[in-house]
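The values are calculated or read from the model by the stated rules, or taken from the named source; none is laboratory data. Since we're looking at a predicted model, the values are computed, not measured. A quick note on method: Cβ atoms are made from the backbone with ideal geometry, for glycine too, and the neighbour counts reach across all protein chains shown. Please note that ligands, DNA and RNA were not included when accessible areas were found on the heavy atoms of the full protein model with its side chains. Shrake-Rupley method; radii C 1.70, N 1.55, O 1.52, S 1.80 Å.
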Amino acid sequence: MTPSVPVAEGFAVVPPVAVRKPRRRGRTTALIGAALVLGLVAGTCTGYLVQADREPTKLPPLSQPVLAQAKGEGPEPLSASRDRSVKTDGDLRELLIEKPRSAEKDDWLPDDGWMDLAAFAGTYKEPGYMFGHLTTEKFRRAVATGWLDDDHGVEVRLIQFHQEETLAAAALAEDGQYWADDAGDTDSWLVPGTEDGRVYVHKRPETEPGYEPVYSAEAHAWRGDITVQVLVFGSEPIEKKMIMKLVERQMERL
């Protein structure tokens with residue numbers, strides 16, 4: 001009898017297969033094998049002798065024909081109006097929107113408009129972390145302008161990156177959008193003419209003991225290797241059309 005075999009649940013029982021013993025090789029099989037080996041050797045020797053009596057076949061030349069080179073001048077370089085790097089590699093301050101004539105300059109901003117890495121990182125709640133992050137992201141330079149007009153203050157920043165490996169400008173804009181949207185009680189709109197730039201109006205003011213409530217709005221966008229940040233604050237709620245107009249003007253200059 002065939003011994004019983006334990007089977008896992010859900011699997012069919014397969015009976016054992018009888019193993020057939022190999023047949024012993026006889027003299028006839030050995031002779032046929034030897035004849036095949038001798039036939040291969042004889043064929044190889046015959047082919048070698050036939051090839052030795054023939055004249056050598058000439059090989060094709062290794063040199064290639066000379067290719068005709070295109071004639072005429074190459075394409076003309078892009079004009080300044082079409083080459084965006086002509087603008088962004090120059091004085092970045094010239095791309096900032098201008099302060100209204102009736103407004104006063106914000107004393108907090110640097111006099112020459114330039115912000116180094118430490119100054120820009122200092123605008124964040126965790127400047128130490130931001131300094132290291134911007135260094136990793138290949139921060140290049142930043143400029144800012146701002147003014148006080150009636151009951152509102154405005155600040156506009158342009159942050160430029162080397163962008164050799166990553167799209168750092170887009171990433172910084174996305175980070176700003178994330179935190180602006182996370183504030184709560186906030187309305188946001190897409191900035192026309194941009195891929196994903198957005199404006200945020202915070203309806204809930206910031207309050208601290210001893211100070212008046214401060215309303216704010218912000219915009220985060222990017223173009224090429226430059227991040228655009230627009231901040232508006234005041235004692236009254238910020239209107240959408242006000243900050244939207246500012247960021248649209250700034251994006252047009254880029």
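Can you list the aspartates and glutamates whose alpha carbon is less than 17 Å from that of residue 99, not counting same-chain residues fewer than 8 positions off?
107, 111, 112, 149, 150, 151, 155, 248, 252
Name the chymotrypsin sites (Phe, Trp or Tyr not before Pro) in the range 194-254 that are in a loop by DSSP and that have at most 13 other C-beta atoms within 10 Å, would you?
When the chymotrypsin sites (Phe, Trp or Tyr not before Pro) of the range 194-254 are filtered for loop state and at most 13 Cβ neighbours within 10 Å, 211 remain.
What trypsin sites (Lys or Arg not before Pro) in the range 106-142 are in a loop by DSSP, with at most 10 other Cβ atoms within 10 Å of the Cβ?
Loop-located and lightly packed - 125.
Kindly rank 112-124, 169-181 from highest to lowest mean number of other beta carbons found within 10 Å of each residue.
The peptides rank, most packed first, as 169-181, 112-124.
Leaving out ligands, DNA and RNA but keeping every protein chain, what accessible area does residue 135 have, in Å² rounded to the nearest 10, with a 1.4 Å probe?
Approximately 70 Å² for this residue.
Taking 0.36 nm per intervening residue step and subtracting the Cα-Cα distance, what contour gain separates residue 207 from residue 116 on full extension?
29.7 nm
Total Lys pairs in the range 117-254 closer than 21 Å by alpha-carbon, pairs eight or more apart in sequence or interchain only?
Qualifying lysine pairs in the range 117-254: 4.
Expressed in nm to one decimal, what extension gain is obtained for the pair residue 214 and residue 171 from 0.36 nm per residue of sequence separation less their Cα-Cα distance?
So the extension gain works out to 12.7 nm.
Could you look at the range 180-254 and say what percent of its accessible area is carbon and sulfur, using a 1.4 Å probe and all protein chains?
47 percent
Determine the per residue accessible area of the range 95-213 with all protein chains present and a 1.4 angstrom probe, expressed in square angstrom.
Using a 1.4 Å probe on heavy atoms only, each residue of the range 95-213 averages 61 Å².
Which order do you get for 239, 206, 155 if you rank them by accessible area with a 1.4 Å probe, largest at the top?
206, 239, 155
Quick one: grab the alpha carbon gyration tensor of the range 104-151, order the square roots of its eigenvalues as a ≥ b ≥ c, and give me rounded if a/c is under 1.5, else prolate or oblate depending on whether a/b is larger than b/c.
Verdict is prolate for the range 104-151.
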